[in-house]
Amino acid sequence: MSAIAVIGEAVRTRGFGLAGAIVYETTGSADAVRAWEKLPVDVAVLILTPAAALALGSRTASERSPYVVVMPP
């Protein structure tokens, strides 16, 4: 079964855990990159806050990456 993961600031991501998503709370760019690097291989959808998306840059453009959605600002 595929998983959903969320990377970003706690205030914007915490609630996704209630729906069963894997949540990586970050406080800066380095945290976002570390979360990206430890994503499980079964993650099919990745939700990013705008700050996390900026921190990850082109890393999410890989054909091996999950489907990425960026939250509105």
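If Pro40 satisfies all but one of (1) surrounded by fewer than 20 Cβ atoms within 10 Å (Cβ to Cβ); (2) touching an Asp or Glu at 6+ places or on another chain (Cβ under 9 Å), what's the number of the condition it fails?
If we test Pro40 against (1) surrounded by fewer than 20 Cβ atoms within 10 Å (Cβ to Cβ); (2) touching an Asp or Glu at 6+ places or on another chain (Cβ under 9 Å), just (2) comes out false.
Can you tell me which residue within region 24-59, out of those that are under 10 Å from Ile7 (Cβ atoms) and of a type in the set (S, T, N, Q), is nearest to the chain's Cα centre (by Cα)?
Thr49
Output the residue which, of all residues in region 13-29 that are free of Cβ contacts under 8 Å to residues at least 24 places away in the same chain and in contact with a helix residue (DSSP H, G or I) (Cβ under 9 Å, 6 or more places away or on another chain), is surrounded by the fewest Cβ atoms within 10 Å (Cβ to Cβ).
The residue in question is Thr27.
Quick check on region 51-60. Is at least one of its residues surrounded by fewer than 16 Cβ atoms within 10 Å (Cβ to Cβ) and touching a helix residue (DSSP H, G or I) at 6+ places or on another chain (Cβ under 7 Å)? Break it down stepwise before answering.
Filtering region 51-60 down to residues surrounded by fewer than 16 Cβ atoms within 10 Å (Cβ to Cβ) leaves 54, 57-59.
Retained after the next criterion (residues that are touching a helix residue (DSSP H, G or I) at 6+ places or on another chain (Cβ under 7 Å)): 59.
Yes, some residue in region 51-60 is surrounded by fewer than 16 Cβ atoms within 10 Å (Cβ to Cβ) and touching a helix residue (DSSP H, G or I) at 6+ places or on another chain (Cβ under 7 Å).
I'd like the full set of residues that are within 20 Å of Gly15 (Cβ to Cβ), of a type outside the set (Gly, Ala, Ser) and out of contact with any Leu (no Cβ under 8 Å at 6 or more places or on another chain), limited to region 28-73.
Result: Asp31, Val43, Val45, Ile47, Thr49, Pro50, Pro72, Pro73.
How many of the residues making up region 7-54 are within 20 Å of Pro73 (Cβ to Cβ) and among the basic types (Lys, Arg)?
Total meeting the criteria: 2.
A short reminder: the numbers here are calculations on the coordinates, not readings from a lab. Quick caveat: nothing in here was measured; it's all calculated off a predicted structure. Don't worry about glycine lacking a Cβ; one is built from the backbone with ideal geometry, like all the others, and counts go over all protein chains shown.
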